[in-house]
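Read-outs: derived from the displayed coordinates by stated rules, not from any lab. The shown structure was predicted, so the numbers you read here are calculated from the model rather than taken from an experiment. Glycine gets a Cβ as well: all are built from the backbone with ideal geometry, and neighbour counts include every protein chain shown.
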Amino acid sequence: MCLLRSIKRKCDYMYVESAKLTFYVAHAFSLKDKRQVSRSLIQKTRQKFNVSVSEVDTQDVHRTLTIGIAVVSGEMSHAQNSLDEIIRFMENNTEAELTAINIE
């Protein structure tokens, strides 16, 4: 989609990259334990990066944590690089094991 700006007639594009990460939380024996891991990881990610992050699936499964991430940028390469950096950060900043990555 091309957006026209006033007199310049320049086309600006918006690129959106998203990912769904699935973690295995071995030490979670209740949903409360899982929520603690989820909140901590989401908060750390939001503080470090300006992205949308949320628990998106498996809310009722106490050892499986599914988190969705969305990155918006004016450049495709910046969006892709940011998403890769966020995934590495999340993998390295939790006790949970990253078991699946779905990038869209």
Counting alpha carbon pairs within less than 8 Å and at least 6 residues apart, what relative contact order, in whole percent, applies to the chain? 40 percent
Karplus (6.51, -1.76, 1.60) ³J(HN,Hα), θ = phi - 60°, over the stretch 32-44, in Hz, Gly and Pro reported as x: 5, 4, 5, 4, 4, 5, 4, 4, 4, 5, 5, 5, 4
Find how much the distance from residue 60 to residue 92 grows on full extension, using 0.36 nm per residue of separation minus their present alpha carbon separation; answer in nm with one decimal. 9.1 nm
Under unit Cβ charges (Lys, Arg +1; Asp, Glu -1), what dipole magnitude, rounded to 20 debye, does the chain have relative to its Cα centre? 480 debye
Between helix 76-92 and the chain: long-axis angle, C-alpha atoms, 0 to 90°, nearest 10: 10 degrees
Could you tell me which of 65, 22, 83 has its Cα farthest along the dipole of the stretch 14-103 towards the positive end, charges placed at Cβ (Lys, Arg +1; Asp, Glu -1), taken about the Cα centre? 65
What's the FRET efficiency of residue 14 with residue 43 using the Cβ-Cβ distance as r and R₀ = 25 Å, to the nearest 0.05? 0.40
